[in-house]
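See below for the structure under consideration.
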Amino acid sequence: MIAVDRSEVLRYLGYRGGQIEDAVEQSIDRCTADLLAAVQPRGTYRRFALAHPSPDMLEIDGLQVHSVNLSRNLKGCGSVYLMAATLGVEADRRITRACAVRMSDAVIYQAVAATLIEAYCDELNDAIRAQAAEKGLYCRPRFSPGYGDFDIKHQRDFIRLLDTPRKIGLTVTDSCLLAPIKSVTAVIGVSDVAQPCHRKGCEECEKTDCAFRR
C-alpha cells in the first residue's frame, strides 16, 4: 500500500500552516481511506540509449526532443529510463462523482490522488535507481513532458515507446493529456557520475509563482 504524506495533501489543498477544522480533517481521512481501497497503481519503465546531437537536442531510440531544460538535466548521460505510472480509472471516477455530489470532497480527492501518484512515482524511481546502481550507474532527477520547454506532445511518444495501453491501461488524448488523469510519464537520465539528489520537484521547476510550490 502506498503511504500517504499528510503534509503533501495539505499542501495541495493550499494549507500553509494554521489550524485545520475537525470537519476538514475527517473529510481528508474519509477520502484518503476510500481512494486507498479503490486505486490500483500500475507502472512500467524501460531503458533506452541516449544521444546528444546538439546542445539543445536529444535523441532517445530515434525520437528527437528539442529542449534546453531537458538537455541540461541529462547532460553527461548516456542512457535514460522512460517511466509511466497511473492510479487507474477509479481515482478519476471518485473525483468525477464527487464533482456532481459534493465539490469539497472533489477537491480533497484531487489532493489525495496527486499525493498518491507522486508517492507511487517515487517508488518506481527507487526501483529504477536500484537497477541502475547494480550496474554502477546513477540516476538524475525525473523530468516530465510539460515541464519547462519539454513539449507535452511527447506524451504520445512515451505511450508508444512503453506500450502503456497494453501494459498498464494508460492512453493519451488528442490534446496530449494522459488518461486516466492521475497518471505521470517521465524521463530519468542515467550517468556514471553521482549527483547528490535523485528526486527533484519544485526545486527543479522554474514556475516560481505556482500555488502548490513547496
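The values are calculated or read from the model by the stated rules, or taken from the named source; none is laboratory data. Computed from a predicted model, the values in this text were never measured in an experiment. So basically every Cβ, Gly included, is an ideal-geometry build from the backbone, and we count neighbours across all protein chains shown. We work out accessible area using only protein heavy atoms, side chains counted, and drop any ligands, DNA or RNA first. Shrake-Rupley method; radii C 1.70, N 1.55, O 1.52, S 1.80 Å.
Being modelled with pLDDT of 95 or more, touching a helix residue (DSSP H, G or I) at 6+ places or on another chain (Cβ under 8 Å), under 30 Å from GLY17 (Cβ atoms) and not acidic (Asp, Glu) is true for just one of ARG142, ARG214. Which residue is that? Within the list ARG142, ARG214, the selection yields ARG142. Cβ separations smaller than 6 Å between residues 6+ apart or across chains give the following pairs from the range 96-107 residues that are within 20 Å of GLU25 (Cβ to Cβ) to residues that are surrounded by 13 or more Cβ atoms within 10 Å (Cβ to Cβ) and of a type outside the set (A, V, I, L, M, F, W, C): ALA98/ASP105; ALA98/TYR109. Kindly provide the set of residues from the range 64-86 that are in a loop (DSSP other than H, G, I, E, B) and open to solvent by 60 Å² or more (accessible area, probe 1.4 Å), ordered by number. Within the range 64-86, LYS75 is the sole residue that qualifies.
Please work out which residue is most open to solvent (accessible area, probe 1.4 Å), limiting yourself to the range 1-27 and to residues that are over 22 Å from ILE128 (Cα atoms) and touching a helix residue (DSSP H, G or I) at 6+ places or on another chain (Cβ under 6 Å). Ranking the candidates gives TYR12 first.
Is it the case that the range 162-170 has a residue that's open to solvent by less than 50 Å² (accessible area, probe 1.4 Å), over 16 Å from LEU82 (Cα atoms), within 13 Å of the chain's Cα centre (by Cα) and at pLDDT 95 or above? Steps first, answer last, please.
Applying the first criterion (open to solvent by less than 50 Å² (accessible area, probe 1.4 Å)) to the range 162-170 yields 162, 164, 168-170.
Filter once more, so that each one left must be over 16 Å from LEU82 (Cα atoms): 169.
With the extra rule that they be within 13 Å of the chain's Cα centre (by Cα), the set shrinks to none.
So far as the range 162-170 goes, no, none of its residues is open to solvent by less than 50 Å² (accessible area, probe 1.4 Å), over 16 Å from LEU82 (Cα atoms), within 13 Å of the chain's Cα centre (by Cα) and at pLDDT 95 or above.
Listed by position, the helices (runs of 4 or more DSSP H) contained in the range 101-197 that have at least 1 residues being in contact with a Gly (Cβ under 7 Å, 6 or more places away or on another chain) are 103-134. When the residues of the range 31-47 are narrowed to those that are open to solvent by 80 Å² or more (accessible area, probe 1.4 Å) and touching a residue at least 12 places away in the same chain (Cβ under 8 Å), which ends up nearest to CYS139 (Cα to Cα)? Within the range 31-47, the match that is nearest to CYS139 (Cα to Cα) is ARG47. Of everything listed in (1) under 17 Å from HIS154 (Cβ atoms); (2) of a type in the set (Gly, Ala, Ser); (3) in contact with a Lys or Arg (Cβ under 9 Å, 6 or more places away or on another chain), the single unmet condition for SER67 is (3).
Determine, yes or no, whether ASP61 is closer than 14 Å to VAL112 by Cα and surrounded by 12 or more Cβ atoms within 10 Å (Cβ to Cβ). No. With the condition kept exactly as written, say whether any residue in the range 150-160 is out of contact with any helix residue (DSSP H, G or I) (no Cβ under 8 Å at 6 or more places or on another chain), open to solvent by 80 Å² or more (accessible area, probe 1.4 Å) and modelled with pLDDT under 95. No, every residue in the range 150-160 fails to be out of contact with any helix residue (DSSP H, G or I) (no Cβ under 8 Å at 6 or more places or on another chain), open to solvent by 80 Å² or more (accessible area, probe 1.4 Å) and modelled with pLDDT under 95. The single condition among (1) in a loop (DSSP other than H, G, I, E, B); (2) over 22 Å from ASP149 (Cα atoms) that CYS31 does not satisfy is (1).
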